[in-house]
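Asker: Take a look at the following structure, please.
The values are calculated or read from the model by the stated rules, or taken from the named source; none is laboratory data. The structure displayed is predicted, hence computed values, not measured ones. So basically every Cβ, Gly included, is an ideal-geometry build from the backbone, and we count neighbours across all protein chains shown. For the accessible areas, the whole protein counts, side chains as well, though only heavy atoms, and no ligand, DNA or RNA atoms are used. Shrake-Rupley method; radii C 1.70, N 1.55, O 1.52, S 1.80 Å.
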Amino acid sequence: MDAELAEERVLQAEIAAVRRACENPPAPWEEKSRVQKSFQAIHQFTSEGWKSSKDLKNQLGHLESELSFLSTLTGINIRNYSRQTEDLTSTEMAEKSIRKVLQRHRLSGNCHMVTFQLEFQILEIQNKERLSSAVTDLNIIMEPTECSELSEFVSRAEDRKDLFMFFRSLHFFVEWFEYRKRTFKHFKEKYPDAVYLSEGPSSCSMGIRSASRPGFELVIVWRIQIDEDGKVFPKLDLLTKVPQRALELDKNRAIEAAPLSFRTLLGVLGIEAALESLIKSLCAEENN
């Protein structure tokens, strides 16, 4: 996935460069050098130049097609992109064949319903033997979103200046968010009298109540967590709300053991089947 996201950003930069060349076609004897100059910061660039404006337009169509494919695959769409380059090479460095360049990038886009803006800097140092680059500054702006669970992760990505982790984790987070939303919606529609979503369609919890057992409720809390390495995974917990009298009569402590039993059920049946089983067990009398 890292390679796909990196390729997507490279293609976006290539498209911008080809567009500039199409809009301002150089003279035949200048064409090759000027196109190569536009692509000099793109390390994957392997073309030897273009012989005509038609070649450029054909390549533009090809690159846009590849970018569209990657956007469909990852769910990430880049809407706007710009770059400024500053040459920091000193006279002493130039004498030693060392080149130092600072690139300032700005881009905005979305991953499904989550929109973002990025501003980051990349410092490149090149000598005769190798080229090294590092992200020296990263600022992420997330527009108001229903995904409140992302805030801590965004801060961590900024602190680490880790672009790859941001894009990779965002992609998987949104997939889990949409899956949770669809799952809760499914059970709300299937069991409208028993299931309620306290925070609406994007709720991170689902309540189950039984008309035949007043005061007895089960609440499923479904969080989407992102660990220190950017790995995304779901975490489901069961909370019980029962009358004090019911707790006193529960000599076998079944209510106390319910959260642990639910975890076991998740491991055996999976998320959807475990939720279905839970709802049916609480509402069994009403369905008979």
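Asker: Considering only the range 140-160, I want to know if a residue exists there that is among the basic types (Lys, Arg) and either open to solvent by 60 Å² or more (accessible area, probe 1.4 Å) or part of a strand (DSSP E or B) (or both).
Answerer: Within the range 140-160, one or more residues are among the basic types (Lys, Arg) and either open to solvent by 60 Å² or more (accessible area, probe 1.4 Å) or part of a strand (DSSP E or B) (or both).
Asker: Just wondering, is there one or more residues in the range 209-222 that are of a type outside the set (Val, Ile, Thr) and within 20 Å of the chain's Cα centre (by Cα)?
Answerer: Yes, the range 209-222 contains a residue that is of a type outside the set (Val, Ile, Thr) and within 20 Å of the chain's Cα centre (by Cα).
Asker: Looking at the range 242-250, is at least one residue touching a Phe, Trp or Tyr at 6+ places or on another chain (Cβ under 6 Å), surrounded by 13 or more Cβ atoms within 10 Å (Cβ to Cβ), modelled with pLDDT under 85 and farther than 30 Å from Lys161 by Cβ?
Answerer: Yes - at least one qualifying residue is present in the range 242-250.
Asker: Same structure again: Scan the range 205-235 for residues that are more than 19 Å from Ser169 (Cα to Cα) and surrounded by 15 or more Cβ atoms within 10 Å (Cβ to Cβ) and jot them down.
Answerer: Ser205, Met206, Gly207, Ile208, Arg209, Ser210, Arg213, Phe216, Glu217, Leu218, Val219, Ile220
Asker: Right, next: What number of residues in the range 203-217 are in contact with a strand residue (DSSP E or B) (Cβ under 6 Å, 6 or more places away or on another chain) and closer than 14 Å to Tyr191 by Cα?
Answerer: Residues flagged as in contact with a strand residue (DSSP E or B) (Cβ under 6 Å, 6 or more places away or on another chain) and closer than 14 Å to Tyr191 by Cα within the range 203-217 amount to 4.
Asker: Name the residue, out of Lys181, Lys190, that is on the phi < 0 side of the Ramachandran plot, out of contact with any strand residue (DSSP E or B) (no Cβ under 9 Å at 6 or more places or on another chain), of a type outside the set (A, V, I, L, M) and surrounded by 17 or more Cβ atoms within 10 Å (Cβ to Cβ).
Answerer: Lys181
Asker: Asp137 fails exactly one of the following numbered conditions: (1) part of a strand (DSSP E or B); (2) buried (at least 16 other Cβ atoms within 10 Å of the Cβ); (3) out of contact with any Ser or Thr (no Cβ under 7 Å at 6 or more places or on another chain). What is the number of that condition?
Answerer: Of (1) part of a strand (DSSP E or B); (2) buried (at least 16 other Cβ atoms within 10 Å of the Cβ); (3) out of contact with any Ser or Thr (no Cβ under 7 Å at 6 or more places or on another chain), only one is false for Asp137: (2).
Asker: Would you mind finding the one in Ser198, Ser202 that is small (Gly, Ala, Ser), closer than 18 Å to Glu149 by Cα, open to solvent by 40 Å² or more (accessible area, probe 1.4 Å) and modelled with pLDDT under 90?
Answerer: Ser198 is the lone residue from the list that is small (Gly, Ala, Ser), closer than 18 Å to Glu149 by Cα, open to solvent by 40 Å² or more (accessible area, probe 1.4 Å) and modelled with pLDDT under 90.
Asker: Follow-up. Would you mind stating whether Leu131 is loosely packed, with under 15 Cβ neighbours inside 10 Å and in contact (Cβ under 8 Å) with a residue 40 or more places away in the chain?
Answerer: Yes, satisfied.
Asker: Find all pairs meeting these conditions: Cβ atoms under 7 angstrom apart; at least six residues apart or on different chains; first residue within the range 180-198 and touching a residue at least 24 places away in the same chain (Cβ under 8 Å); second residue open to solvent by 80 Å² or more (accessible area, probe 1.4 Å) and assigned to a strand (DSSP E or B).
Answerer: Ala194/Arg209
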